[in-house]
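Take a look at the structure set out below.
The values are calculated or read from the model by the stated rules, or taken from the named source; none is laboratory data. Just so it is clear, the structure is predicted and the values come from calculations on it, not from any experiment. All Cβ positions, even for glycine, are placed from backbone atoms using ideal geometry, and neighbour counts span all protein chains on display.
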Number of protein chains: 2
Amino acid sequence: MTACAGTPRHADATVAVAVDVVPLALYEGRLHAGLVRVERGDERSRFAFPGGRVRENESLDAAAARWLAGHLPDSGVHVEQLYTFGEPGRDPASRVVSVAYLALLSRAIAAPGVEWLPCATLPRLAYDHRTIARVALDRLRAKLAYTNLAWALLDRTFTLADLQQVYETVLGRALDRRNFRKRVLALGLLSPLGATRHGAHRPAQLFRFTTRRPITVGVLSERE
Amino acid sequence: MTACAGTPRHADATVAVAVDVVPLALYEGRLHAGLVRVERGDERSRFAFPGGRVRENESLDAAAARWLAGHLPDSGVHVEQLYTFGEPGRDPASRVVSVAYLALLSRAIAAPGVEWLPCATLPRLAYDHRTIARVALDRLRAKLAYTNLAWALLDRTFTLADLQQVYETVLGRALDRRNFRKRVLALGLLSPLGATRHGAHRPAQLFRFTTRRPITVGVLSERE
DNA sequence: GCAAAAGTGTTAGTGATACACCCATGA
DNA sequence: TCATGGGTGTATCACTAACACTTTTGC
């Protein structure tokens, strides 16, 4: 590929391509990341995000889906490409260019080999995965503000309080309940189910997203 | 890299890594892209963006800078990673994963082998570079609205009319001059030079960006 | 003095923020 | 009946959008 305008070929083929998937989900009111232990090499036993080599006849998206599914049972995930990391020294063992993916799950599913750790207090991670985690969180925060992506972090039906908690948890600040409801209902992306959820107190109305495809709309103002 | 959780290694090493750089600049009131001709292979003589293999000891950013500099003389460019394209069939000859970069130039510099073509009417491009072009334009449009990135498409000093034209050209619609000036001056990112530029009519005040680093601020409202 | 671009202010409307009270339920 | 979270309405403020005229210069 690419227009090689008469440039010699250098040592090329030794660059490997991998994907790394950052699974995020809410758990006990906090944002958690799904991590696995590195099994080999200098970084053995440290936490890292699931991932690995891209196969020769496989798209990047497919590789991300494969590596995610290899660790976490599929459950209506939203997966999107995040950023590509390729510093020569990021893996001490060999040159690996890694395409990072963000995966949003509606639940922190327990799965063998996967540990869900709170994003706010991640331990030391293998390679440059700390950086990847930061980029993933920044992306998530940014996209919540101008897309309907919150659906990916919620069950199919939810209350407005649930939805508000997604925002408050991810953004790390409290939002005014009345204004939040007004804004989010005014967007017209939610359909009331008519049903209610019964808990300890007054039952709450249940909603679902009219569409669960990514949409760009100003969900939050810049200030509040 | 990555936590290879006991997965066998498939045919790995045959995926090559390249960068492709999308150089954009304003020229005669329109946004233009800098393209080169493919020299070899099935796509020979079609237009494509400058790019090529990443060297083994080179970061992705460095590779992008190298391939850009190989075609266009450096001139205070802004370069940022755009997206990574890796469909198996995107280069019919071999499997290439390409990390695309966006490069913003203050001028459409003439250089041997480079043709500047208006983005609105690009011809058929090699590989999937049409897609890359679209992603680049979407990114530029989006970032103009909430960053000070316009500086990259302007000379160091410019008039408010110049700045407004950047926005109007990239966004493809007219903006109200008075409101534009108010908003952009209220942001406090511009410093007046005191000097003026003399043209055919009343001279215009010259400004520069106080900082030419990327900053996130609401430059435009969502509506206007 | 005329054409053309630079420069400026006001008003109306819309959306954001802040805020306080009633409601429905389970215990 | 009370504690708890669910649900609603309003006044203020800030920002946006629409809009017309004066100024300065080159020709």
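Here are some residues: A:Ala48, A:Ala64. Which one is in contact with a Phe, Trp or Tyr (Cβ under 8 Å, 6 or more places away or on another chain) and facing chain B (nearest Cβ under 10 Å)? Selected residue: A:Ala48, the only one of A:Ala48, A:Ala64 that is in contact with a Phe, Trp or Tyr (Cβ under 8 Å, 6 or more places away or on another chain) and facing chain B (nearest Cβ under 10 Å). In region B:95-118, the qualifying residues are those that are small (Gly, Ala, Ser) and within 13 Å of another protein chain (Cβ to nearest Cβ), and the one that is nearest to B:Phe49 (Cα to Cα) is B:Ala100. Specify the residue that is nearest to DNA strand C (Cβ to nearest atom); the eligible residues are those in region B:150-204 that are assigned to a strand (DSSP E or B) and touching a helix residue (DSSP H, G or I) at 6+ places or on another chain (Cβ under 8 Å). Here the answer is B:Ala204. Return yes or no: is B:Leu144 away from every other protein chain (no Cβ under 14 Å), touching a residue at least 60 places away in the same chain (Cβ under 8 Å), away from DNA strand C (no atom under 11 Å from the Cβ) and out of contact with any Gly (no Cβ under 9 Å at 6 or more places or on another chain)? It is true that B:Leu144 is away from every other protein chain (no Cβ under 14 Å), touching a residue at least 60 places away in the same chain (Cβ under 8 Å), away from DNA strand C (no atom under 11 Å from the Cβ) and out of contact with any Gly (no Cβ under 9 Å at 6 or more places or on another chain). Whether any residue in region A:144-157 is under 30 Å from A:Phe47 (Cβ atoms), within 15 Å of DNA strand D (Cβ to nearest atom) and surrounded by 11 or more Cβ atoms within 10 Å (Cβ to Cβ) is what I want to check. Scanning region A:144-157 turns up at least one residue that is under 30 Å from A:Phe47 (Cβ atoms), within 15 Å of DNA strand D (Cβ to nearest atom) and surrounded by 11 or more Cβ atoms within 10 Å (Cβ to Cβ). Residues in region A:61-76 that are hydrophobic (A, V, I, L, M, F, W, C) and surrounded by fewer than 21 Cβ atoms within 10 Å (Cβ to Cβ) were compared, and the one that is nearest to the chain's Cα centre (by Cα) is A:Ala65. Scanning for something under 30 Å from B:Ala93 (Cβ atoms) and either hydroxyl-bearing (Ser, Thr, Tyr) or not assigned by TED's automatic domain parsing to the domain that holds B:Val96 (or both), does region B:125-138 turn up at least one residue? The answer is yes; a qualifying residue exists. Across region B:205-214, the qualifying residues are those that are away from DNA strand C (no atom under 15 Å from the Cβ) and away from chain A (no Cβ under 14 Å), and the one among them that is farthest from B:Phe158 (Cα to Cα) is B:Arg213.
Yes or no: region B:142-155 includes at least one residue that is among the charged types (D, E, K, R) and within 18 Å of B:Tyr27 (Cβ to Cβ).
yes
Cβ-Cβ contacts under 7 Å between residues 6 or more apart (or on different chains), taken from a first residue in region B:186-209 that is closer than 21 Å to B:Asn148 by Cα to a second residue that is within 10 Å of DNA strand D (Cβ to nearest atom) and assigned to a loop (DSSP other than H, G, I, E, B), are listed as B:Leu187/B:Val219.
Annotation for region B:210-219: no member residue is in the same structural domain as B:Ser45 (by TED's automatic domain parsing) and among the small types (Gly, Ala, Ser).
Selection of region A:83-121 for residues being part of a loop (DSSP other than H, G, I, E, B), touching a Phe, Trp or Tyr at 6+ places or on another chain (Cβ under 9 Å) and small (Gly, Ala, Ser) yields A:Ser106, A:Ala108, A:Ala110.
Residues that are within 14 Å of chain A (Cβ to nearest Cβ) and more than 9 Å from DNA strand D (Cβ to nearest atom) within region B:180-204 comprise just one, B:Leu187. When the test is whether a residue is surrounded by 14 or more Cβ atoms within 10 Å (Cβ to Cβ) and of a type in the set (A, V, I, L, M, F, W, C), A:Leu185 does not pass it.
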